[in-house]
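Data block below; observations after.
The values are calculated or read from the model by the stated rules, or taken from the named source; none is laboratory data. All of these numbers come straight from a predicted model, not from anything done at the bench. Using ideal geometry, Cβ is built from the backbone for each residue, glycine included, and neighbour counts are taken over all protein chains shown. Heads up: the accessible areas ignore ligands, DNA and RNA and are worked out on the full protein's heavy atoms, side chains in. Shrake-Rupley method; radii C 1.70, N 1.55, O 1.52, S 1.80 Å.
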Amino acid sequence: KVITFCQQWENGDSISIHTSGSTGKPKEITFTKAQFIVSALKTIAFFNLQRNSKSLLCLSPDTIGGKMMMVRALVGNYPLVLTNPSLDPFEHVEEQIDFVALVPAQLAHILNNPTSLTKLKKVKHILIGGADIPTELISHLRIHKITAYQSYGMTETISHVALREIGEDSTYHAMPGIHFTSQNDCLTIHYPEIQSKPIPTTDIVELVDEKSFHWKGRADFVINSGGKKIHPEELEKRRAMIREMKSRLKFRA
């Protein structure tokens, strides 16, 4: 699949991918190579990836996350280490990795494997995406003093449009050339380099300004209790925080 994608990249002017359904029904969407490059360059600049930066591809090449890891390596002209997608991608990787993109399920398994955890601690730039990160994982990252970034984006935006440093605060900050508005508390993405029209989402956010926001949850999952809107994602975070506090109190006792 990696070879097939590289051949498509070299021989074509555009690449078609299937959306996940974040902004509506799943569909096929086509982007030009120039649009892929725009997205790749933003990430390369943010993490200051150099020609000697070694990245690890441990996501499926079928996903936008996997495709963008390949595109970034092609655009940045830096080495890409390949491994089969698995819950513990560092298990069979011996090279020193500078940049990796993971999903939360992979992060959870790595944190529970001392050998893989040691390897992860040596990675300079860690990007987590694909789903919200459980509070327990954030606590483990903090305990192990691992700096990582959570991404916000979708297929329609060719990877992430905003990043937040995990554990610092809950604020997502826009990548260059992107800004946000909200409609009925749902985020709208303005990314003229990729899409000529604003991109609506079903993500409930609290805008800090046009370049940053706090993610609250999905509009699809809102519970209306006596006229008050409750987001299950926020409830789960609070429950996790309470469990962590109780655990610390027991430890001190």
Completion exercise
Taking the stretch 144-163 and the residues there that are of a type in the set (Ser, Thr, Tyr) and part of a helix (DSSP H, G or I), the one that is modelled with the highest pLDDT would be Thr157
Practice task
Among the residues of the stretch 73-90, write down those that are among the β-branched types (Val, Ile, Thr) and either open to solvent by 50 Å² or more (accessible area, probe 1.4 Å) or not in a loop (DSSP other than H, G, I, E, B) (or both).
Solution key: Val75, Val81
Exercise for the section: Kindly check whether there is at least one residue in the stretch 142-149 that is under 15 Å from Phe90 (Cβ atoms) and touching a Lys or Arg at 6+ places or on another chain (Cβ under 7 Å). Expected result: yes
Practice task
Please enumerate the residues belonging to the stretch 37-90 that are closer than 15 Å to Gly130 by Cα and in contact with a Pro (Cβ under 7 Å, 6 or more places away or on another chain).
Solution key: Cys58, Leu59, Ser60, Lys67
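In the stretch 155-163, is there at least one residue being small (Gly, Ala, Ser) and open to solvent by 40 Å² or more (accessible area, probe 1.4 Å)? Outline the logic, then answer.
As a first pass, look at the stretch 155-163 and keep what is small (Gly, Ala, Ser): 159, 162.
Remaining after also requiring open to solvent by 40 Å² or more (accessible area, probe 1.4 Å): none.
Scanning the stretch 155-163, I find no residue that is small (Gly, Ala, Ser) and open to solvent by 40 Å² or more (accessible area, probe 1.4 Å), so the answer is no.
Being farther than 23 Å from Met154 by Cβ, at pLDDT below 95 and open to solvent by 60 Å² or more (accessible area, probe 1.4 Å) narrows it down to one of Asn11, Asn48, so name that one. Quick ask: steps written out before the conclusion?
Numbers: Asn48 fails: at pLDDT below 95.
Asn11 is the lone residue from the list that is farther than 23 Å from Met154 by Cβ, at pLDDT below 95 and open to solvent by 60 Å² or more (accessible area, probe 1.4 Å).
Let's see how each residue does on (1) hydrophobic (A, V, I, L, M, F, W, C); (2) in a loop (DSSP other than H, G, I, E, B); (3) open to solvent by 80 Å² or more (accessible area, probe 1.4 Å):
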position: His92; (1), (2), (3): no, yes, yes
position: Glu95; (1), (2), (3): no, yes, yes
position: Leu107; (1), (2), (3): yes, no, no
position: Thr115; (1), (2), (3): no, no, yes
position: Leu120; (1), (2), (3): yes, no, no
position: Ile126; (1), (2), (3): yes, no, no
position: Ala131; (1), (2), (3): yes, yes, no
position: Ser139; (1), (2), (3): no, no, no
position: Arg142; (1), (2), (3): no, no, yes
Exercise for the section: Evaluate the following for Ile64: is it surrounded by 13 or more Cβ atoms within 10 Å (Cβ to Cβ) and touching a Phe, Trp or Tyr at 6+ places or on another chain (Cβ under 8 Å)? Expected result: no
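Based on this model, can you work out whether Leu56 counts as farther than 24 Å from Pro192 by Cβ and either of a type in the set (Phe, Trp, Tyr) or in a loop (DSSP other than H, G, I, E, B) (or both)?
Numbers: farther than 24 Å from Pro192 by Cβ: yes; either of a type in the set (Phe, Trp, Tyr) or in a loop (DSSP other than H, G, I, E, B) (or both): no.
So Leu56 fails the test.
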